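The values are calculated or read from the model by the stated rules, or taken from the named source; none is laboratory data. All values derive from a computational prediction rather than experimental measurement. Please note: Cβ atoms are built from the backbone with ideal geometry, for glycine as well, and neighbour counts cover all protein chains shown.
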């Protein structure tokens with residue numbers, strides 16, 4: 001685990017497709033996770049504070065089940081987003097996530113912690129940007145905060161469906177003209193075979209902390225180092 005803000009000249013493009021072979025190693029993470037459970041159990045307790053966990057592109061709440069169970073075990077009140085599969089249609093999804101945040105915050109009388117995997121992390125950031133009064137902290141896992149899908153393997157899907165990736169990239173950059181007020185921890189891995197790790201680095205918002213881990217993209221939601229970081233950062237409150 002390394003805390004830093006890496007420097008680089010440019011984002012070379014989406015990861016090479018051969019990285020998908022390495023991604024299969026992420027399926028071994030539950031074995032490592034089980035071995036680390038005694039240590040993970042010693043992390044700070046959630047004390048009933050509310051959390052909302054958002055899945056990545058094309059995924060549903062099933063993909064975040066292990067992470068949500070761990071956080072509930074620590075004593076958080078954890079919700080999935082309840083919106084089925086993540087369609088990737090960001091303009092339509094952000095208002096629905098804000099509605100969820102409003103309901104959860106009102107119910108608990110507290111701001112909500114947000115954890116998002118991949119595109120779910122981008123959605124978490126943007127919901128927090130629009131409604132910082134509802135969100136205590138954001139933790140993102142391998143989330144592309146530069147370029148939208150342009151620097152991910154999902155770029156091919158968007159192109160096939162007629163989306164202009166340069167236009168999306170410009171739209172993402174325009175949103176950054178409004179600074180993030182909410183603290184953000186961005187977890188990324190240079191072994192990520194789905195999202196170019198450089199696209200996970202926020203070079204604009206000073207409220208963002210970057211933490212590098214050794215994991216595949218698929219493995220981020222089951223990696224014991226990631227779980228430890230998530231638990232530690234959520235306990236900080238602000």
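Observations on the model:
- Scan the stretch 84-119 for residues that are assigned to a helix (DSSP H, G or I), touching a residue at least 24 places away in the same chain (Cβ under 8 Å) and over 21 Å from residue 206 (Cα atoms) and the total you get is 12.
- Subset tally (residues that are touching a helix residue (DSSP H, G or I) at 6+ places or on another chain (Cβ under 8 Å), surrounded by fewer than 24 Cβ atoms within 10 Å (Cβ to Cβ) and in a helix (DSSP H, G or I)) for the stretch 127-136: 3
- Single condition residue 149 does not satisfy, out of (1) in a loop (DSSP other than H, G, I, E, B); (2) farther than 22 Å from residue 46 by Cβ; (3) touching a residue at least 60 places away in the same chain (Cβ under 8 Å): (1)
- None of 172, 211 is closer than 20 Å to residue 71 by Cβ and surrounded by fewer than 23 Cβ atoms within 10 Å (Cβ to Cβ) except 211.
- Scope the stretch 189-216; condition touching a helix residue (DSSP H, G or I) at 6+ places or on another chain (Cβ under 6 Å) and either part of a loop (DSSP other than H, G, I, E, B) or under 22 Å from residue 175 (Cβ atoms) (or both); matching residues: 190, 193, 196, 199, 213, 216
- Residue-level check: of (1) buried (at least 22 other Cβ atoms within 10 Å of the Cβ); (2) part of a loop (DSSP other than H, G, I, E, B); (3) more than 14 Å from the chain's Cα centre (by Cα), residue 57 misses just (3).
- Checking the stated criteria, residue 88 turns out to be at pLDDT below 95, crowded, with 19+ Cβ neighbours inside 10 Å and closer than 25 Å to residue 172 by Cβ.
- Per the conditions (1) under 26 Å from residue 36 (Cα atoms); (2) over 14 Å from the mean Cα position of the chain (by Cα); (3) without any contact (Cβ under 8 Å) to a residue 60 or more places away in the chain, the sole criterion not satisfied by residue 189 is (2).
- Matching option when the condition is surrounded by fewer than 17 Cβ atoms within 10 Å (Cβ to Cβ), more than 19 Å from the chain's Cα centre (by Cα) and modelled with pLDDT of 95 or more, among 65, 73: 73
- Annotation: residue 44 fulfils all but one of (1) in contact with a helix residue (DSSP H, G or I) (Cβ under 6 Å, 6 or more places away or on another chain); (2) part of a loop (DSSP other than H, G, I, E, B); (3) modelled with pLDDT under 95; the unmet one is (1).
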